[in-house]
1. Just checking, which of Asp449, Asp469 is touching a residue at least 12 places away in the same chain (Cβ under 8 Å) and touching a Cys at 6+ places or on another chain (Cβ under 7 Å)?
2. Checking Glu455 against (1) open to solvent by 30 Å² or more (accessible area, probe 1.4 Å); (2) among the acidic types (Asp, Glu); (3) not in a loop (DSSP other than H, G, I, E, B): exactly one of these is not met. Which one?
3. Residue by residue through segment 263-274, note down the ones that are among the acidic types (Asp, Glu) and open to solvent by less than 80 Å² (accessible area, probe 1.4 Å).
4. For segment 139-149, name all the residues that are in a loop (DSSP other than H, G, I, E, B) and open to solvent by less than 20 Å² (accessible area, probe 1.4 Å).
5. Of all residues in segment 254-302, how many are modelled with pLDDT under 95, aliphatic (A, V, I, L, M) and outside any strand (DSSP E or B)?
6. Looking at (1) more than 22 Å from Ala298 (Cβ to Cβ); (2) part of a loop (DSSP other than H, G, I, E, B); (3) not β-branched (Val, Ile, Thr), which is the one condition that is false for Ala168?
7. I need every pair where a residue in segment 141-152 that is under 18 Å from Ser401 (Cβ atoms) and at pLDDT 95 or above has its Cβ under 7 Å from the Cβ of a residue that is of a type in the set (S, T, N, Q) and open to solvent by 10 Å² or more (accessible area, probe 1.4 Å), sequence separation at least 6 or different chains.
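The values are calculated or read from the model by the stated rules, or taken from the named source; none is laboratory data. Source: prediction; values computed, not measured. Backbone-built Cβ (ideal geometry, glycine too); neighbour counts: all protein chains shown. Ligands, DNA and RNA are excluded from the accessible area calculation, which covers all protein heavy atoms including side chains. Shrake-Rupley method; radii C 1.70, N 1.55, O 1.52, S 1.80 Å.
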Amino acid sequence: MKASGWAIPAAVVAGVAGVAARDLRQRKHALLRNFPVLGHARYLLEAIGPELRQYVVAGNDEERPFSRDQRRWIYASSKLENNYFGFGTDNDVEHTEGYTIIKHRTFGDTAPPSHTHAGEETPLPSAKVLGAARGRPAAFRPESLVNISAMSFGSLSHTAIEALNRGAALAGCLHNTGEGGLSPYHRNGGELVLQIGTGYFGCRDSRGRFDLQRLKDVVAGAPVRAIEVKLSQGAKPGLGGLLPGAKVTAEIAEIRGIEQGKDCVSPSRHAEFSDVDSLLDWIELIAAETGLPVGIKAAVGVMDFWEDLVAQMGSTGRGVDFVTVDGGEGGTGAAPMIFSDSVSLPFRFGFPRVYAAFARAGLADDVTFVGSGKLGLPDNAVVALALGCDMVNVGREAMLSIGCIQAQKCHTDTCPTGVATQNRWLAHGLDPALKSVRYANYVKTLRRDLLKVSETCGVVHPGLIDAGDIEILFAQRETLSLRELVGYEPGWGGVSEGDRAAITAFMAGAPSGGSRPESPTATG
């Protein structure tokens, strides 16, 4: 008994001695040679630093990309829990540069209902009919102004894609496939926007060239409502993507039309066009062959491209049906730090420049504008809509709603919640049936809040909120309306009179608040 009682401590001492000996002999880490054993504590703290800051150190509004308050709102909304906040804001309103304030109206034509869940089941479609201006045969009015941003099967797990698609069906959203092709997990009831990237995955021949017939076959066999040509994205503008060979399973290889187990590299440029003129020819070809609305997605850098696009749309009659502007804040795509941090304009700077180019040419009413880049929070979405967005796409917020904990391990294939991984063991922890409901709840709650805010601003639909309804504070020095800040002319950021009338009539059945009956003295 005595001998066995000493066995465990002896083993521990031997193990520590072995680690110390190894540390002293190795030459790779100076810290460990100088401080054997103890030096490992530093690497442990570095490894769990994000988790420590997330749950112990950081304040409610300090973390990035999503603060604790923002994550709490998304989590609570997805579970239909109480997502109200008490005791006032803990944001530093007085001293924050560029703080956003939405200005309410004391007396308006609308009154938001006070009940917590009022408006969650109210349809909130786009104020514009997608593809109508160019006469596309399959033009349609999107049922939801909040939709799922482009995230490929490959970057996300099969269970995450299935959960999002099922959730899109429940919430009436569009689900963008991302550039990785249309998988079986995208076929769970949600309507789709098929994205075509530089690799032409899912619509390419055996040599990797774009195959129009294969594209038509894919569109014919799935509920694809529109096609998006990806020129660039906010996470890595100007760069192609890379799916490491370890993540290229037999299933992904089949869907993308690539070799299993080999790195899947997306080129940085398209092969089918090389300038705006050839881009428009290609878009019109796809639209003519499929009948679907066709648009582009891009981050914003030098404005030459956009100015040329607008000029040729105005002079040639060719054009895009929608434009998705992605903010340079980054997103679900992993990228070199320099690209995530410093390449392409953030959404609030980039989008107004693009919109203004179309507005000056008188083309803004002919295009549906989609915003992307951390717009799945009510205040950010309101600003995007006031700037002229007709719809917003949500990516990371959608991931949070189905279980993401912001571990920031998307690029390592070790996502602990099974959202951004191809590890089958990790992915199996995500239940698509349960998480689909969570996503739908989140979207319905976001739309509810947007509807309530729009009614507070005196309009029946958030797409009708004006840039003049937003004020930007600059740390107790001055305030500017959003219109002044971005240099919009009167009428910019809104919709045509016809679209306004149509969406106002559509929203006539939305829940409304109001007041008690007037007193006898008031009526007498």
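1. Testing whether each residue is touching a residue at least 12 places away in the same chain (Cβ under 8 Å) and touching a Cys at 6+ places or on another chain (Cβ under 7 Å) leaves just Asp469.
2. (1)
3. Residues of segment 263-274 among the acidic types (Asp, Glu): 263, 272.
Within segment 263-274, just Glu272 meets the criteria.
4. Restricting attention to segment 139-149, the residues satisfying the condition of being in a loop (DSSP other than H, G, I, E, B) are 139, 141-143, 145, 149.
Result: Pro142, Leu145, Ser149.
5. Total meeting the criteria: 5.
6. Tallying (1) more than 22 Å from Ala298 (Cβ to Cβ); (2) part of a loop (DSSP other than H, G, I, E, B); (3) not β-branched (Val, Ile, Thr), Ala168 fails exactly one: (2).
7. So the pair list comes out as Asn147/Asn393; Ile148/Asn393; Ser149/Asn393.
Residue-wise test of (1) among the β-branched types (Val, Ile, Thr); (2) more than 22 Å from His175 (Cβ to Cβ); (3) buried (at least 24 other Cβ atoms within 10 Å of the Cβ); (4) at pLDDT below 95.
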site: Ala357; (1), (2), (3), (4): no, yes, no, no
site: Ala384; (1), (2), (3), (4): no, no, yes, no
site: Gly388; (1), (2), (3), (4): no, yes, yes, no
site: Leu400; (1), (2), (3), (4): no, no, yes, yes
site: Cys404; (1), (2), (3), (4): no, no, yes, yes
site: His411; (1), (2), (3), (4): no, yes, no, yes
site: Tyr442; (1), (2), (3), (4): no, no, yes, no
